[in-house]
1. Working only within the stretch 68-82, note down all residues that are open to solvent by 60 Å² or more (accessible area, probe 1.4 Å) and not in a strand (DSSP E or B).
2. Checking the conditions here, which among 47, 11 is out of contact with any helix residue (DSSP H, G or I) (no Cβ under 7 Å at 6 or more places or on another chain) and either closer than 19 Å to residue 106 by Cα or without any contact (Cβ under 8 Å) to a residue 24 or more places away in the chain (or both)?
3. Taking the criterion of being outside any loop (DSSP other than H, G, I, E, B), over 24 Å from residue 3 (Cβ atoms) and over 11 Å from the mean Cα position of the chain (by Cα), would at least one residue in the stretch 92-111 satisfy it?
4. Restricting to the stretch 8-30, name every residue that is among the hydroxyl-bearing types (Ser, Thr, Tyr) and surrounded by 14 or more Cβ atoms within 10 Å (Cβ to Cβ).
Amino acid sequence: QVQVVESGGGLVQAGGSLRLSCTASGSIVRFNAMGWYRQAPGKQRELVAAISSGGRTNYVDSVKGRFTVSRDIAKNTMYLQMNSLKPEDTAVYYCNAHNVNYDYWGQGTQVTVSS
């Protein structure tokens, strides 16, 4: 059973930074892609950033230039570096690992940005 576990959330002031980590129970090279999603209260879950098996990245427009997704294959870990945080970035952030047959989700980590 594949497990992915997030860490690194917390409370930060606007303009600050946080780094989220997502560690998988086994090699991450088996996934077609991995991504970070977020869900704010009363809103739908949205894709924030993703990285393909080939290392290609993409971002939702609202975080471009502020967030960076990366991975360390040796550590089975994906990261989301979040800079210049805004109150509207407040949400529960979820890690997703995708392959052809299934999507694996973490339990989520809360990010709260105060104004």
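1. Listed by number, the residues that qualify are 73, 74, 75.
2. Just one listed residue meets the conditions, 47.
3. No, the stretch 92-111 contains no residue that is outside any loop (DSSP other than H, G, I, E, B), over 24 Å from residue 3 (Cβ atoms) and over 11 Å from the mean Cα position of the chain (by Cα).
4. Residues satisfying the conditions are 21, 23.
The values are calculated or read from the model by the stated rules, or taken from the named source; none is laboratory data. Just so we're clear, the structure is a prediction, and the values are computed from it rather than from any experiment. All Cβ positions, even for glycine, are placed from backbone atoms using ideal geometry, and neighbour counts span all protein chains on display. Quick note on the areas: whole protein, heavy atoms, side chains included, nothing else; ligands and nucleic acids left out. Shrake-Rupley method; radii C 1.70, N 1.55, O 1.52, S 1.80 Å.
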